[in-house]
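The values are calculated or read from the model by the stated rules, or taken from the named source; none is laboratory data. On a predicted model such as this, the values are computed, not experimentally measured, just so you know. Virtual Cβ from ideal backbone geometry, glycine too; neighbours counted across all protein chains shown.
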Amino acid sequence: MIDSGIAYNHPDLQSNIWTNPGEIPNNGIDDDNNGFVDDYYGWDFFSEDNDPLYINLQGHGTHVAGIIGAVGNNNNGVCGVNWNVKIMALTGIGMDRSPRPYGTTSSLTPS
C-alpha cells in the first residue's frame with residue numbers, strides 16, 4: 001500500500017502487516033540484496049529511509065490500511081475488508097514546505 005505511511009504497530013493492524021522474511025531488522029545490512037537496508041516493514045520513499053511508520057497526514061495511510069485489513073473479532077476498533085491479508089507499508093506521500101501533501105510514484109525505485 002503506497003500512502004503516507006502506516007502505524008504498523010497499531011493493535012488492529014500489527015498481525016496483518018507484512019514483514020520482510022529476508023531482512024534482519026536494524027542490523028544496518030541489506031540482507032536480501034534488494035537495494036534497501038533494513039527494509040523489514042517496507043520502505044519510506046518520501047524520507048528515503050527504512051521506517052514507513054506513518055507521517056501524520058491525519059493518519060490517512062493507517063486509515064486506508066484499516067479499511068483493507070484491520071483484524072476482526074478482536075473486540076478492538078474496526079474490522080477491515082480482508083482479515084487474512086499482509087499489507088506492505090510503502091510511504092510515498094509526505095509534506096513539503098507548503099500545507100499540502102505531495103508525492104509521486106516515480107520515486108519508488110532504489111537509489
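Scan region 43-91 for residues that are acidic (Asp, Glu) and touching a residue at least 24 places away in the same chain (Cβ under 8 Å) and the total you get is 2.
Do you know which of the residues in region 14-67 that are over 30 Å from CYS79 (Cβ atoms) and among the aliphatic types (A, V, I, L, M) is surrounded by the most Cβ atoms within 10 Å (Cβ to Cβ)? Checking each candidate, the answer is VAL37. Within region 1-41, the residues that satisfy the criterion of being touching a Phe, Trp or Tyr at 6+ places or on another chain (Cβ under 7 Å) and either over 15 Å from LYS86 (Cα atoms) or not β-branched (Val, Ile, Thr) (or both) are SER4, GLY5, ALA7, TYR8, GLN14, ASN20, GLU23, PRO25, ASP30, PHE36, TYR41. Within region 60-75, none of the residues are at pLDDT below 80 and in contact with a helix residue (DSSP H, G or I) (Cβ under 8 Å, 6 or more places away or on another chain).
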